[in-house]
Amino acid sequence: MYNKGISYALISQISLIKNNFNKFRGENMDKITIVEFATEFLLNDLNHVSRELAIRDELAGMKIFNEPIFAYGDADDNGFQSLKETTVVGEHFMLPKEWLPEAKTVIAYFFPFTDEIIESNRMDMLWPSNEWLHGRIEGQNFLLEFSRFLYSKLNDAGYKSLVPGLDHRFKTKGFTSNWSERHVSYVCGLGTFGLSKGIITEKGMAGRLGSIITELKLEPGIKKYKDVYEYCTLCGNCAINCPVDAISVEEGKDHRKCSDFLDTVREKHKTRYGCGKCQVSVPCEKGIPRG
């Protein structure tokens, strides 16, 4: 016979379990915790150049990144929809909920390079320094591992999450992709574009960007800007620095010229490539320029 008493008791227990689980999730995963995860991960050996990979012996042990900054965007922010416009990224850009239907928050992050890497790349304005090449390649490997680390922490806490850049659906199209870290960072409030098409953050432009989509609900940060190029003063220093004249105040950036030069660097240094001259010896190198 159907026992209403047992049924009600069972429902009550299930409800209590759900409430306790939601309480656990809310208390143990917030913005402070995410920053603490990043601080912890910075101590990882991956944030230092290994002896096996060092281009020169004296670069073994070199630290790559300093403390990162984060920005949090609502997965339903209309700014993401605007990225589908052909004049921005294009229709191929995938919205957060196209990647993850349960998405509530997009977390964008910027890891700034150390002074050693930045200053080394000011020395020769024709070719990237060996330190910068390590930052570009080993630094990107570190960033991807951090994204995997954050993904595992969020999922272990019960929040479905996804790193678009590591997903099998991630694709590039010309000089764009279906998940642009730069455009996503702008929408989330991490920073604005510069003349060189990089993102200017409170910690500058010299570093690497990443992001993750999660069902964890976090309060979106307040965007401190309204215009796409608000932090850029159009000083033109990045254009002066460019070894192949791929940037101009009048025309912006020629992605083809930039890409061709990176191919030349790749050939010269084989497995490594990079340039970064538009990110050093400029007012936005380590912070937001003063207008």
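The values are calculated or read from the model by the stated rules, or taken from the named source; none is laboratory data. Just so you know, these numbers come straight off a predicted model, no measurement behind them. Positions of Cβ are backbone-derived with ideal geometry, glycine not excepted, and every protein chain shown enters the neighbour counts.
If you go through region 98-111 one residue at a time, how many are among the acidic types (Asp, Glu) and touching a residue at least 24 places away in the same chain (Cβ under 8 Å)?
Residues in region 98-111 being among the acidic types (Asp, Glu) and touching a residue at least 24 places away in the same chain (Cβ under 8 Å): 1 in total.
In region 244-287, how many are within 23 Å of Gln140 (Cα to Cα) and either small (Gly, Ala, Ser) or assigned to a loop (DSSP other than H, G, I, E, B) (or both)?
Total satisfying the criteria: 15.
Residue by residue through region 182-204, note down the ones that are without any contact (Cβ under 8 Å) to a residue 60 or more places away in the chain and among the basic types (Lys, Arg).
Passing the criteria: Arg182, Lys197.
For Ile32, state whether it is over 20 Å from Leu133 (Cα atoms) and modelled with pLDDT under 95.
No: the conditions fail for Ile32.
Restricting the search to region 190-220, which residues are within 23 Å of Gly276 (Cα to Cα) and assigned to a loop (DSSP other than H, G, I, E, B)?
Leu190, Gly194, Leu195, Ser196, Lys197, Gly198, Glu202, Lys203, Met205, Ala206
In this structure, does Leu144 turn out to be under 20 Å from Ile212 (Cα atoms) and buried (at least 20 other Cβ atoms within 10 Å of the Cβ)?
So Leu144 does not fit the description; no.
Given the criteria acidic (Asp, Glu), in contact (Cβ under 8 Å) with a residue 60 or more places away in the chain and closer than 30 Å to Thr105 by Cβ, does Glu230 qualify?
Answer is no for this residue.
What pairs can you find where one residue is in region 112-126 and more than 13 Å from Gly274 (Cα to Cα), the other is of a type in the set (Gly, Ala, Ser) and in a helix (DSSP H, G or I), and their Cβ atoms are less than 6 Å apart, with a gap of 6+ or different chains?
The qualifying pairs are Phe113/Gly135.
What number of residues in region 45-94 are part of a helix (DSSP H, G or I) and acidic (Asp, Glu)?
So the answer is 3.
Would you say Val282 is modelled with pLDDT of 95 or more, under 26 Å from Arg148 (Cα atoms), β-branched (Val, Ile, Thr) and crowded, with 16+ Cβ neighbours inside 10 Å?
Spelling it out, it is not the case that Val282 is modelled with pLDDT of 95 or more, under 26 Å from Arg148 (Cα atoms), β-branched (Val, Ile, Thr) and crowded, with 16+ Cβ neighbours inside 10 Å.
Given (1) closer than 23 Å to Gly252 by Cβ; (2) among the hydrophobic types (A, V, I, L, M, F, W, C); (3) in contact with a Phe, Trp or Tyr (Cβ under 7 Å, 6 or more places away or on another chain), where does Val163 come up short, assuming only one miss?
The failed condition is (1).
What's the total number of residues in region 128-162 that are more than 20 Å from Asp30 (Cβ to Cβ) and of a type in the set (A, V, I, L, M)?
Summing the residues that are more than 20 Å from Asp30 (Cβ to Cβ) and of a type in the set (A, V, I, L, M) in region 128-162 gives 4.
Which pairs do you get when a residue that is at positive phi, found in region 76-97, comes within reach of a residue that is among the basic types (Lys, Arg), reach meaning Cβ atoms under 8 angstrom, with the pair 6+ apart or on two chains?
Gly90/Lys84; Gly90/Lys173
For region 178-190, state whether one or more residues are within 17 Å of the chain's Cα centre (by Cα), within 24 Å of Lys84 (Cβ to Cβ), surrounded by 15 or more Cβ atoms within 10 Å (Cβ to Cβ) and of a type in the set (Asp, Glu).
yes
For region 139-176: of the residues being in a strand (DSSP E or B) and touching a residue at least 60 places away in the same chain (Cβ under 8 Å), which is farthest from Lys224 (Cα to Cα)?
It comes out as Lys173.
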